[in-house]
Amino acid sequence: RGYKEKESSCEDSSLDPDRIEQIKEKWLTEQNLIKDKITTVDQRDWNLDGEFRVGGLDISFIVGDNVNACACYVILNRKYEKIYESTKMVQLTAPYIPGFLAFREAKFLCDLVLEQRDLKPEVTPSVLMMDGNGTLHPNRAGISSHIGVLLSMPSIGVAKNLHMLPELGDIDRKQIAASLKHKGDTFDLVTESGELLGRALKTAEKGSNPVFVSVGTGISLDSAEKLVLAYSQYRIPEPTRQADIISREFLRVNHPTARQLQPRKKAKEKRMF
C-alpha cells in the first residue's frame, strides 16, 4: 500500500533511481526541519463570531501536462463570501516523489499568500486550508504543514482521498464511510501505536464519502475539524472548493483543451405531430 498525497500525481520516472534517492535524502533533511516546528495545539481561540476569514489554496493542471498549472488563493468570510482572489500560472519543474509533494507545489502557493499579505494585509485570513495533508503523512509533515510553517500561519490539510499508511493498520475506507451517517460524524485515524494522525469527517448529509482532516500547524485537530465543518456546504469545504473551481475555470478559459474548443452541437428540435 503506497502513499500518494494527490490522486493526480505520478512519481517522476524520468530520473534515474540514484538521482531520486539523492533528492529524497536532501528533501527529507529539510522536511524534518519543518516537522520540528509543527505545533498541534491551538495558538488562539477559534471563535467564529465577528470578522473571521479562511484562506483556500489549490493547484489545477492543464489536461495532459504535469508541469504547467494554475495556482489559486481565495479568502472567504464567515458568510462564504469571497473577499480576495488570486490566480497565477506556474511551472512545476521539481519532480513528483511520493511523500514530498510540498517540494513541488508549496513555493507557488506560499508566493500567492505573501503577495496578498503585502498588497492587502487587512484581509489576511486567520487560517489556511488546502487540498493535501498535514500530519496525516509518512513523516508527519505534508504540504499543509510546510506551508503553515513557512508562512507562520495556522494551517489545515483537507484531503479528498485517504492513502493508507502501513501504521494505520487494516482500516477499510468503505467501512469508514459506512460508519459516518450524518454531517459532523467523525472517525479517528490512529496508528497501531496510538498516534492520532487525522480524522475522517462527514461534511455533508448527502453523499457517503468523507474528507480527511489533519493538522498543518498552529491548531488542534479538534479545532481543525470544527473549522472545516463550519465552512462546508458540500463535501469539500468552501475555501478549497472555490480555489479548485476558480483555477479550473481559469484553465478552461485561457488554456482550453482540444475538446473544449470544439463547438457545441445544437440541440435537436422536437418535431410536433
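The values are calculated or read from the model by the stated rules, or taken from the named source; none is laboratory data. Computed from a predicted model, the values in this text were never measured in an experiment. Using ideal geometry, Cβ is built from the backbone for each residue, glycine included, and neighbour counts are taken over all protein chains shown. Protein only, heavy atoms only, side chains kept; ligands, DNA and RNA dropped before computing areas. Shrake-Rupley method; radii C 1.70, N 1.55, O 1.52, S 1.80 Å.
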Review point. Roughly how many Å² is the accessible area per residue of the range 112-201, as a whole number, for a 1.4 Å probe?
Key: 40 Å²
Check your understanding: Ordering Tyr84, Tyr234, Tyr96 from largest to smallest accessible area (1.4 angstrom probe), what's the sequence?
Key -> Tyr234, Tyr84, Tyr96
Review point. Of Ala258, Gly216, Leu109, which is farthest on the positive side of the dipole of the chain, counting Cα position, with +1 on Lys and Arg Cβ, -1 on Asp and Glu Cβ, and the Cα centre as origin?
Key: Ala258
Study note, to complete from the structure: Mean 1/r over distinct Cα pairs of the range 89-130, inverted to a Kirkwood Rh in Å, yields 11.8 Å
Point to revise | Cα gyration tensor shape of the range 119-222, rounded if a/c is under 1.5, else prolate or oblate by comparing a/b with b/c | key: oblate
Review point. So how compact is the range 64-166: Cα radius of gyration and Dmax in angstrom?
Key: 14.1, 44
Practice item. Treat each spin label as a single point 7 Å out from the Cα along the C-beta direction, and report the Asp170 to Glu115 distance in nm. Key: 5.0 nm
Practice item. Given the peptides 41-51, 177-187, 217-227, arrange them by the average over their residues of other C-beta atoms within 10 Å, most packed first. Key: 217-227, 177-187, 41-51
Review point. Counting only complete DSSP H runs, which helices of the chain cover 18 Å or more along their long axis at the Cα atoms and score a mean Kyte-Doolittle of -1.0 or above?
Key: 102-119, 238-254
Review point. If you build a Gaussian network model of the chain, linking Cα atoms that sit under 10 Å apart, which residue out of Asp16, Asp111, Asp188 swings the most?
Key: Asp16
Point to revise | Fully extended contour minus Cα-Cα distance, from Lys160 to Asp36, at 0.36 nm per residue | key: 42.0 nm
Check your understanding: So what does the Cα-only Debye profile of the chain read at q = 0.12, 0.15 Å⁻¹, as log10 I(q)/I(0), no solvent term?
Key -> -0.74, -1.13
Study note, to complete from the structure: Percent antiparallel among DSSP beta bridges confined to the chain, nearest 5, equals 80 percent
Exercise for review: Report, to the nearest whole %, how much of the accessible area of the range 81-176 belongs to carbon and sulfur atoms, 1.4 Å probe, protein only.
Suggested key: 49 percent
Review point. Can you give the helix-only mean residue ellipticity at 222 nm for the chain, where every DSSP H stretch with n ≥ 4 adds -39500 (n - 2.57) and the sum goes over all residues, rounded to the nearest 500 deg cm²/dmol?
Key: -9500 deg cm²/dmol
Review point. Order of 167-173, 194-200 by packing, highest average Cβ count within 10 Å first?
Key: 194-200, 167-173
Point to revise | Dipole magnitude of the chain, debye to nearest 20 (Cβ charges: Lys/Arg +1, Asp/Glu -1, about Cα centre) | key: 1620 debye
Check your understanding: Cα centroids of the range 165-194 and the range 38-90: how far apart, whole angstrom?
Key -> 26 Å
Check your understanding: What does the accessible area of Lys88 come to, in Å² to the nearest 10, when a probe of 1.4 Å is used?
Key -> 110 Å²
